[in-house]
Amino acid sequence: MNSILNRVTLLFILISFSSFVFSQTAEKKSTGIKYSEEILVTTDRDIYIAGERVYMKIYKLNGITRTPGNISQVVYSDMVDNYNNPIVQIKAGIQDFSGAAEFVIPDTLRTGNYLIRTYTNWMHNFSEALFSYKRISVINPFESLNSIKIPVKGSLPDSVAFFPEGGKLIYGIENLVGIRCFNNDGIPLGVNGLIVSSNNDTLCRVDVTNGTGFFTIRPAGIERLFLVARSDNGSVRRYILPPVDESGISLEVRNSRSKGQLMLYIRQNSHFNASGKIYVVYSPVLTDPLRKEINIGEDLVLKKDTLPAGLARITITDNNGNTFANRWVYNDKGGNIDFNVRITEPVRGERSLVKAEINALSSDGKPLKSDIVVSVVKSFTVDSSNAGNIPGFRQIPYLASMSTNMEQFDINDYLIFYPEPDDFIKHQTTHDDLFLPELAGQLVSGALINNATGEPLRNENVILSFIGKSARCKFTKTDSMGKFNFVTDEYGTKEIVIEPMQAGLRDYSVEIGTPFMDAMTRYKAAPFYPDTTRLADINKAVISMQVKGIYDPFVNAGINLPESRAGHDFYDKPVETIVLSNYIELTSMREVIKELIPGLMIYRKDGRSYFRMVNESQNPMFETPPMVLVDGVVFDDVDRILAMNPRDIEKIEVLRSRYFISDIVIEGIVNFVTQKGNLSVLEFDRSLFRQEYQAMQLPFRFYSPGYSVDSVRNGRIPDYRNTLYWNPDLRTDEDGRAEVEFYTSDERGEYLIIMEGVTADGKTGRSELKFVVGDKK
């Protein structure tokens, strides 16, 4: 209870930051919501075969401090295509600050790149650009790779976009410029050429190999500049650059991770004449802007530990609101985890044991306790061109949509391409459309509507029942808009019934909301091009997937896990349980009640039957009928219960005392549990809202075979795994150490051990170690 109260308190705390460099501006961007969340997602690999399983490690962070957080207990993920269609949707219960989830890629999915978008219910209150976006690639073996439109090497792009670092090209100052090139299908293309003036003076050379790159220029005048490129067939095309400003200020940002600093180099050209004071405004996406007056020409050092972590926009401006330069930056104030990993013994071939030691160190060599995930995969399944997979940074959609083979892996280099200042801003969230945090389980939300009037059923007590042999009822009350929220801790696929408690109320409808996003952002995953030099590896991976799919049913990978955190009935233990098989067979339910439940009486009124129950603590009968349930569902038609066949009943549970739920008083409970436990013995009441509901994903574990026993090692079941090992729950100890053990499969080849992790103070890191499985020695 205390932990939940602490989480609630956190949601209404204003998190403020002090800085010796900046003061707060009068401008406010706060929406009234003071706590934000951030999700980091890593998958066991980047490239999959259609039909394979994707394993996800999910970290929950405080969105402002970027340290581990544990507010929301449910995380939502959907895999979407470039047409905004959700391919897979899952709900994962994450009780700690990190956890795991999995899903199966449909075997009919087309070859291409897809985005895994992950978020919490609370994160709906913020821009969806702040969700986590992780890109994966899927290869469908039944689809010809010839259908993939691979751009012709040496052809010229149809469009080229230029991104000066500060937003403008300034005369007489060296400018860093980002460049992105595409054909008419939106496919990134490489380009080689020269930047020339209108007088054909050459300023610099441009060499871009995968659609994205950089170059620097110093314009000698304000004439228009052009990129002149020549294709392999000799055709020439000119692409116009943004105009050069005769007067202006340039902004250059460099990230010093080792020193914990952002370096700002601000220069004015000879024609710039400031009419007043000049300021640097630092605007984080989640907190209020900070401002400092500057002297142009002086380098400005921003200490990362004095600023909010994460994304911010730096703007050079004056008192009149004129903007001279701006760009996005990322403050990775947590620092790095340096992982060192070594295999302790030589790898000895197929089905052999591999032992590896991991050391987690800070940048100054001190051991770190960290929460890490370890994957062992075929090396070709890791995509080095995915800018969105830079480890440890906020996984925004623009980065996940980029492909590049640039050597820079600093997020501030890529953020030069992010031009939209309003992408992270969401309109004011009102009380009526506020999304609630899921502090103790999943929220089932919806509304009750009166069918006759179309008006909401206000202040009505409502019950959510999960059909089954346990009475897992949840109770709540609708608000003034007829809306309700239930908190559940169920797992797996369930059948639910939602109904008002008011007896006899039939003419109503239930509308259930979805926690998943309706649509995708405008960003699309970059096109997928298989590495033609690895076609043999791809073919092996396809065969491995198919063989594994055939033999998996014969592998004992099962694990007995509970379907719910709490398996008992909502009323805990009944006073009496009558198991009908313990008694002689009775011919009717009336006889069962008369002979086996003497404290339960049947009476008729207005042509209907009702139950009355004796109070166990006081002899007089209760004034109101008891709550009656069948297979966990509240059911007030006693005549239909009496018409059931006793052979269909497994047991009857009785509670002969008052039961209080908030302001609801229940005078006794009778629960009829059938043999099948699926409500099939009663004719379905069409007035009830009954449907299949997908609750949180069932707990699972990754199966990795062991070959320590000769009989298993020499077994005939083939072992073909594209992911040899995946462990999302590894922890380094006080000395920064951890160990992993796994067995190789029947396939030789090149593999990677991949480690990614987060520390309690927000440090992040990733490391890889390559090894080869060859002949046994």
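Quick look at the values:
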{"quantity": "Loop chymotrypsin sites (Phe, Trp or Tyr not before Pro), region 675-761, which have at most 10 other Cβ atoms in a 10 Å radius of their Cβ (DSSP)", "calculated": "Phe684"}
{"quantity": "Pairwise FRET efficiency - Lys369 versus Arg608, Cβ, R0 = 51 Å, nearest 0.05", "calculated": "0.20"}
{"quantity": "Global geometry of region 111-180, whether rounded, prolate or oblate, following the gyration tensor of its Cα atoms and the 1.5 cut on a/c", "calculated": "oblate"}
{"quantity": "Region 230-277 - convex hull of the alpha-carbon atoms, volume per residue in Å³", "calculated": "147 Å³"}
{"quantity": "Stretchable slack from Glu298 to Val579, in nm (0.36 nm times residue separation minus alpha-carbon distance)", "calculated": "92.7 nm"}
{"quantity": "Projected label distance in nm at Ser680 and Asp433, using a 7 Å step from Cα toward the beta-carbon", "calculated": "4.5 nm"}
{"quantity": "Anchor Lys153: lysines whose Cα lies under 20 Å away (excluding residues fewer than 8 positions away in-chain)", "calculated": "none"}
{"quantity": "Cα gyration tensor, region 28-183 - rounded (a/c under 1.5), prolate or oblate", "calculated": "oblate"}
{"quantity": "Relative contact order %, the chain, counting alpha carbon pairs below 8 Å whose residues are six or more apart", "calculated": "16 percent"}
{"quantity": "For the chain, with +1 on Lys and Arg beta carbons and -1 on Asp and Glu, the positive-most of Ser470, His271, Leu596 along the dipole", "calculated": "His271"}
{"quantity": "Two-decimal log10 I(q)/I(0) for region 166-217, as the Debye equation yields it once each C-alpha is a single scatterer, q = 0.19, 0.27 Å⁻¹", "calculated": "-0.72, -1.08"}
{"quantity": "Within the chain, percent of DSSP bridges classed antiparallel, to nearest 5", "calculated": "95 percent"}
{"quantity": "D_trans [Stokes-Einstein, Kirkwood Rh over alpha-carbon pairs] for region 110-239, 20 °C, 1.002 mPa s, µm² s⁻¹", "calculated": "122 µm²/s"}
{"quantity": "Estimated inter-spin distance, Asn85 and Phe516, nm [label 7 Å along Cα→Cβ]", "calculated": "1.3 nm"}
{"quantity": "Cβ-placed point charges (K, R +1; D, E -1), dipole of the chain about Cα centre in debye, nearest 20", "calculated": "1080 debye"}
{"quantity": "Zone residues, region 226-260, relative to His271, backbone N less than 16 Å from point 7 Å out along Cα-to-Cβ", "calculated": "242-250"}
{"quantity": "Isotropically averaged projected area of region 256-405, using the convex hull of Cα atoms (one quarter of hull area), nm²", "calculated": "13.4 nm²"}
{"quantity": "Cα centroid separation - region 693-758 against region 584-609, whole Å", "calculated": "58 Å"}
{"quantity": "Positive-end residue, the chain charge dipole about Cα centroid, Cβ charges, pick of Ile179, Ser370, Tyr703", "calculated": "Ile179"}
{"quantity": "Length-normalised contact order for region 637-777 - Cα pairs under 8 Å, 6+ apart - percent", "calculated": "14 percent"}
{"quantity": "Full-stretch length increase - Val228, Glu741 - with 0.36 nm per residue and alpha-carbon distance subtracted", "calculated": "179.2 nm"}
{"quantity": "Contour minus Cα-Cα distance for Gln261 and Ser480 (0.36 nm per residue)", "calculated": "73.7 nm"}
{"quantity": "Prolate/oblate/rounded label for the chain (Cα gyration tensor, a/c 1.5)", "calculated": "prolate"}
{"quantity": "At R0 = 41 Å, FRET efficiency that the Cβ-Cβ distance of Thr344 and Asp305 yields, to 0.05", "calculated": "0.65"}
{"quantity": "Over region 646-761, equivalent-ellipsoid semi-axes from the Cα gyration tensor in Å", "calculated": "51, 25, 16"}
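All of the numbers you see were taken from the coordinates with simple rules; none came from a lab. Note that the structure is predicted; figures quoted are calculated from it, not measured. Glycine gets a Cβ as well: all are built from the backbone with ideal geometry, and neighbour counts include every protein chain shown.
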